[in-house]
Amino acid sequence: MTDTSGPQLGRRNFLGAATLGTGAALVGLGTGGAALAAAGSPAPQVDFPDDPRAFAGGPPGTNNRAEIDLYDCEVEGQLPLDLDGMFYRVGPDPQYPKPEQYKGDIMFDGEGHVSAFRIKNGHVDYRTRYAKTQRWKAQHDARRSLFGMYRNPLTDDPSVKGLSRGTANTQLFLHHGKLLVFKEDSPPVYLDPLTLETKDDYYTFGGKLDSQTHTAHPKIDPLTGEYIAFGYEADGLLSKSVVVFSADRHGAVNWHTKVQVPYAGMMHDFVVTQKHVILYLTNMVSDMDRIKAGGVHFSYDSRAPVYIGVLRRGGDGKDLRWFTGQNLFCTHSMGGWSDGDKIVMDWDGGEGNQFPFFPSLHEPFDPVKGTGYLRRFTIDLSSKSNDRFQVETIYPEVSGVLARQDDRFHTLKYRYGYLNGVGPKGGWWIVDHQEKTTQLVSVPDYMLSEMTFVPRKKDAPEGDGYLIGIGSSMKEAGRSDLILIDTKDVAAGPVARVKMPFKCVGQVHGFWGDASDIPGADLA
């Protein structure tokens, strides 16, 4: 058994340019549950480490921490005058440095910092707020870090026992008039979609969420307006329970079921079709030995099989079937649909560990094997004896991470997909499945964060609109522009840039909210 370690994947690089799978491994293992400062003693002064390999370490500006309001941002070019809505982003932004024994913690353990660009009549206002989680509030009051290693409650200060460890730092969705912010180890945090004020630090859909966890990647059925989600380790640390549920367009839970998975492991994203829910169990296993030793939650086990589970939407879960096949490390789905008795779905994924900040149990981290390509899975449900999925690599010229689609086409057969390119082909890939073509959007001298598709109009055809996302200027120490690309004329480059006077808070994912779905947006 080999436990690999090495320099930390740069937080600034990941959050600024989506370089997942290209960095070196993290230590991810502390020295055990060494005691934090004694209760009642003065909080240490705030002093983030200079070493970029340490938690939240690096040069000045690595951590943002400031909640900002900037009215009427500078705009270069011409923003479409009929573009009316908010572009939301969220990512980890450490509130406090970790104690010495936990400096090897990973960047994903930072508190969720939400930012929003309000776009209307060609003007843009910018606002950021921390998601005021139970964890954030406890540390705010104590003026120091109180939570130990990533998803390891055994390393926490005793004073926070019973509080949610959720950081709300991964993704956000607008549904039933609420901005819901996600971290997959906890229920969502509900923010006011206009002010970003935290309204509920543990949102459970009116008490109907029967899970201690909630995915960072729910789906919205465009035909019914339903919200479909799941939570793994639903019954607590390392449990094999998964809760799958849906809520109507008003947020009322109208279906839920609980199923069991073959082993406790990472289930970051999933696919929903009009007929089925498809769960993907990645062989990033939950490691109790490492947790007890004071380390992070996951380890990559190349010998553990990857499982894909299929169950009927609206059912009791007893029809759940597990399929195995090639061991691919897939983290984000691009889209999926039902085709008679077959399920077709597209994911980005590599042949090996894509998360170098989690230890590999049997071999050193290999960035080549971790390179993400688009994988098309086919599952045939017609034979009761079939327990294998089929997979092929599509568009081999395209490599990247953070697969997306036009969010209005969840659950349906779709045409257009989007992917963040990495390495020499960094930029935004546009994939046209109908024409089987690809386009690479690049902006010279900028590193691009994950893009989000914005419809030209709310009822515009699929793929007709804009790609929006943050670009970090490599010539200006990472100063940020919000970049808008018209999908009808990609070669023309940005139609507009919102030129920020600073480097914006980093992100993992983003989401576009049309003004018609945001209560009070017409009055603001």
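The values are calculated or read from the model by the stated rules, or taken from the named source; none is laboratory data. Since the structure is predicted, the reported quantities are computational estimates derived from the model, not experimental observations. Heads up, the Cβs are rebuilt from the backbone with ideal geometry, glycines too, and the neighbour counts pull from every protein chain shown.
For the stretch 80-102, a residue qualifies if it is touching a residue at least 12 places away in the same chain (Cβ under 8 Å) and surrounded by fewer than 19 Cβ atoms within 10 Å (Cβ to Cβ), and the qualifying residues are PRO80, LEU81, ASP82, ASP84, GLN101.
Would you point out which residue out of ARG165, ARG151, ARG129, ARG118 is within 19 Å of the chain's Cα centre (by Cα) and either of a type in the set (Asp, Glu) or outside any loop (DSSP other than H, G, I, E, B) (or both)? It would help to see each step written out before you state the result.
Details: ARG165 fails: either of a type in the set (Asp, Glu) or outside any loop (DSSP other than H, G, I, E, B) (or both); ARG151 fails: either of a type in the set (Asp, Glu) or outside any loop (DSSP other than H, G, I, E, B) (or both); ARG118 fails: within 19 Å of the chain's Cα centre (by Cα).
Of ARG165, ARG151, ARG129, ARG118, the one residue that is within 19 Å of the chain's Cα centre (by Cα) and either of a type in the set (Asp, Glu) or outside any loop (DSSP other than H, G, I, E, B) (or both) is ARG129.
Being in a strand (DSSP E or B) and over 15 Å from ASP445 (Cα atoms): is that true of ILE468 here? Yes; evaluated as a whole, the condition is true for this residue. Does LEU174 satisfy the criteria of being touching a helix residue (DSSP H, G or I) at 6+ places or on another chain (Cβ under 8 Å) and either within 20 Å of VAL285 (Cβ to Cβ) or polar (S, T, N, Q) (or both)? Spelling it out, it is not the case that LEU174 is touching a helix residue (DSSP H, G or I) at 6+ places or on another chain (Cβ under 8 Å) and either within 20 Å of VAL285 (Cβ to Cβ) or polar (S, T, N, Q) (or both).
Taking THR224 as the residue in question, decide whether it is closer than 24 Å to PHE389 by Cα and of a type in the set (S, T, N, Q). So THR224 does not fit the description; no. For the stretch 65-111, a residue qualifies if it is within 23 Å of the chain's Cα centre (by Cα) and farther than 30 Å from ARG144 by Cα, and the qualifying residues are GLY85, MET86, PHE87. LYS369 meets the stated requirement of being at pLDDT 95 or above and surrounded by fewer than 19 Cβ atoms within 10 Å (Cβ to Cβ). Annotation note: of ALA515, ALA524, the sole residue that is surrounded by fewer than 20 Cβ atoms within 10 Å (Cβ to Cβ), modelled with pLDDT under 95 and of a type outside the set (Val, Ile, Thr) is ALA524.
The set of residues in the stretch 460-484 being in contact (Cβ under 8 Å) with a residue 40 or more places away in the chain, surrounded by fewer than 23 Cβ atoms within 10 Å (Cβ to Cβ) and out of contact with any Ser or Thr (no Cβ under 8 Å at 6 or more places or on another chain) consists of GLU462, ALA477. Residues of the stretch 282-292 that are at pLDDT 95 or above and surrounded by fewer than 20 Cβ atoms within 10 Å (Cβ to Cβ): LYS292 alone.
Free of Cβ contacts under 8 Å to residues at least 40 places away in the same chain and surrounded by fewer than 23 Cβ atoms within 10 Å (Cβ to Cβ): does that describe THR198? I'd like the intermediate steps shown before the answer.
On the way: free of Cβ contacts under 8 Å to residues at least 40 places away in the same chain: no; surrounded by fewer than 23 Cβ atoms within 10 Å (Cβ to Cβ): yes.
It is false that THR198 is free of Cβ contacts under 8 Å to residues at least 40 places away in the same chain and surrounded by fewer than 23 Cβ atoms within 10 Å (Cβ to Cβ).
Evaluate the stretch 415-429: report whether one residue or more is of a type in the set (Phe, Trp, Tyr) and surrounded by fewer than 20 Cβ atoms within 10 Å (Cβ to Cβ). The answer is no; no qualifying residue exists.
Screening PRO364 with (1) touching a residue at least 24 places away in the same chain (Cβ under 8 Å); (2) part of a strand (DSSP E or B); (3) of a type outside the set (S, T, N, Q) gives one miss only, at (2). Among the conditions (1) more than 20 Å from LEU279 (Cβ to Cβ); (2) buried (at least 18 other Cβ atoms within 10 Å of the Cβ), the only one that LEU440 does not satisfy is (2). Considering only the stretch 447-459, state which residues are in a loop (DSSP other than H, G, I, E, B) and surrounded by 15 or more Cβ atoms within 10 Å (Cβ to Cβ). SER449, GLU450, MET451, ARG456, listed by residue number. I'm checking my understanding of the structure. Among residues of the stretch 316-339 that are in contact (Cβ under 8 Å) with a residue 12 or more places away in the chain and assigned to a loop (DSSP other than H, G, I, E, B), which one is nearest to the chain's Cα centre (by Cα)? It comes out as LEU328.
Has the stretch 499-510 got at least one residue that is under 20 Å from LYS457 (Cα atoms) and either buried (at least 20 other Cβ atoms within 10 Å of the Cβ) or of a type outside the set (Phe, Trp, Tyr) (or both)? Yes, the stretch 499-510 has at least one match. Going by what's in this entry, would LYS457 be described as over 30 Å from GLN95 (Cβ atoms), touching a residue at least 40 places away in the same chain (Cβ under 8 Å), out of contact with any helix residue (DSSP H, G or I) (no Cβ under 7 Å at 6 or more places or on another chain) and not aromatic (Phe, Trp, Tyr)? Spelling it out, LYS457 is indeed over 30 Å from GLN95 (Cβ atoms), touching a residue at least 40 places away in the same chain (Cβ under 8 Å), out of contact with any helix residue (DSSP H, G or I) (no Cβ under 7 Å at 6 or more places or on another chain) and not aromatic (Phe, Trp, Tyr).
How many of the residues making up the stretch 391-414 are in contact with a Phe, Trp or Tyr (Cβ under 8 Å, 6 or more places away or on another chain) and of a type in the set (D, E, K, R)? Residues meeting the conditions: 4. Within the stretch 82-98, can you find the residues that are in a loop (DSSP other than H, G, I, E, B) and either out of contact with any Lys or Arg (no Cβ under 9 Å at 6 or more places or on another chain) or at pLDDT below 95 (or both)? Selection gives ASP82, LYS98.
Restricting attention to the stretch 249-272 and to residues that are over 18 Å from GLY349 (Cβ atoms) and in contact with a His (Cβ under 9 Å, 6 or more places away or on another chain), the residue that is surrounded by the fewest Cβ atoms within 10 Å (Cβ to Cβ) turns out to be HIS250. Criterion applied to GLY513, GLY478, GLY493, GLY520 was being of a type in the set (Gly, Ala, Ser) and at negative phi, and the one residue passing it is GLY513.
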